[in-house]
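Reading through the structure tokens given below for one structure.
Each reported figure results from applying straightforward, stated rules to the coordinates on display, with no laboratory input. Computed from a predicted structure; not experimentally measured. We place every Cβ from the backbone using ideal geometry, glycine too, and count neighbours over all the protein chains shown.
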Amino acid sequence: MLKKILLTLSLCAYSLISLADQLKINDDAPTTYVVVKGDTLWDISAVFLEQPWLWPKLWRLNPEINNPHLIYPGDVINLVFDDNGEPMLVLETVKAKPSLKWSPKIRQKKKSDTAIQLLPLEVIAPFIKYDHLFSEEQLEQLPYVIGSDEGYRSSINGFKVYVNSDLEISKTYAIYNKGEEIIDPDTEEPLGFYVDLVGTGQAISRGNMTEKEPATLKVSTAKREIRSGDYVVPVHEGQMLPSIFTMKAVNKEFRGTIIKATSNGREFGKLEVVMINKGHDNQVAVGDVMAIKRLSPGVVDTSTGPKYTEEAPRWNRILTTDGSDYKMPEELLGELMVFKVYQQASMALILRTEKPARLQDVVTAPE
């Protein structure tokens with residue numbers, strides 16, 4: 001009897017898992033789509049799917065699409081259903097034309113040069129900021145600006161600054177200003193210091209710190225005022241990103257919080273960069289797609305009817321559990337994608353929002 005019960009529970013669990021991963025086709029999804037220049041697999045999948053992060057299930061390996069990364073502008077894609085009723089995309093085959101011999105021959109351009117990619121870095125690069133997150137211990141190990149050739153702060157190109165370290169001649173360095181300390185709202189533990197990229201410079205003098213001689217940087221690009229105490233880091237350190245982002249849904253148990261926006265605004269929308277309070281320690285990876293959700297306002301029953309918690313009398317609020325008489329739902333606002341991962345935090349780009357996102361909004365596995 002126990003074996004039958006366990007078998008039944010296992011089958012139920014499998015059914016629920018299968019249902020959770022079931023593809024949902026858009027109501028207005030076309031049966032045929034012609035690939036255009038600039039398309040990505042994410043774009044094409046979003047034409048057909050309510051959950052474009054499940055694109056690998058739609059682009060199943062089949063004789064027509066052996067490699068979804070090799071699709072080209074002008075290709076015709078058809079939406080079909082297999083024997084089990086599951087949707088899949090197939091590439092429309094073109095009948096072979098009779099071959100003709102021509103002279104002289106014309107040099108042909110390789111078709112692979114124009115293949116459709118998943119999400120190229122160039123698509124989102126304009127919206128990515130190269131700000132960084134450093135722990136207090138990391139900051140203590142970094143060299144920093146001690147002064148300039150003019151004796152004052154400046155934000156102009158060609159300005160020379162001195163650094164208390166031996167630098168590599170001709171190498172380019174990033175200059176960071178120490179910002180606020182980021183605190184995890186869930187654990188109240190410090191996650192590190194958010195630092196802003198204020199400029200870049202090229203080392204023109206190596207320096208010799210054994211003789212107390214600082215290195216010299218000639219500022220190449222100044223975004224804002226460079227000050228004494230600003231940190232100096234090799235320009236590509238922590239800034240290298242993949243040329244292609246392969247997006248996938250984060251695991252179903254995942255739950256985090258938006259803790260900062262690089263715009264420092266109160267609300268933020270599509271193609272803005274935000275930070276979440278989860279990183280390598282929580283198995284977050286570059287390309288992870290997450291849903292953005294917000295808990296609906298709490299409601300309290302009072303003698304004059306239901307009221308929002310913040311408007312209810314103090315006595316009624318005291319009698320509630322967690323500030324509400326009801327377990328209010330979390331509503332979906334949009335999705336974001338992680339592009340940089342630290343030990344305990346990550347940077348992400350908002351892909352879509354139905355309404356502006358805010359600090360303290362929750363990020364979970366997409367539905």
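Before moving on, here are some points about what is shown:
- For Asp131, the residues whose modelled amide H falls within less than 5 Å of its own, excluding neighbours fewer than 5 places apart on the same chain, are Leu197.
- Per-peptide average of other Cβ atoms within 10 Å, ordering 26-39, 259-272 highest first: 259-272, 26-39
- Nonlocal amide H pairs with Ser263, under 5 Å, H built at 1.01 Å: Val273
- √(5λ) per eigenvalue of the Cα gyration tensor, segment 128-234, largest first, Å: 26, 15, 11
- In plain terms, the chain from Glu181 to Gln343 could stretch by 56.8 nm, reckoned as 0.36 nm per residue minus the Cα-Cα distance.
- Here the 3J(HN,Hα) profile of segment 279-294, calculated from phi with Karplus coefficients 6.51, -1.76 and 1.60 at θ = phi - 60°, is x, 3, 4, 10, 6, 6, 10, 4, x, 5, 9, 10, 8, 9, 10, 9 Hz, Gly and Pro shown as x.
- By other beta-carbon atoms within 10 Å, ranking Arg314, Arg294, Arg224 with the fewest at the front produces Arg314, Arg224, Arg294.
- Table column - 3J(HN,Hα) (Hz), segment 185-201, Karplus curve with 6.51, -1.76, 1.60, x for Gly and Pro: x, 7, 9, 6, 9, x, 9, x, 9, 7, 10, 9, 6, 9, x, 9, x
- Once backbone amide H atoms are built at 1.01 Å from N, Asp75 has Val35 as its partners under 5 Å, excluding neighbours fewer than 5 places away on the same chain.
- The alpha carbons of segment 235-367 stretch over 61, 29, 25 Å along the principal axes, in descending order.
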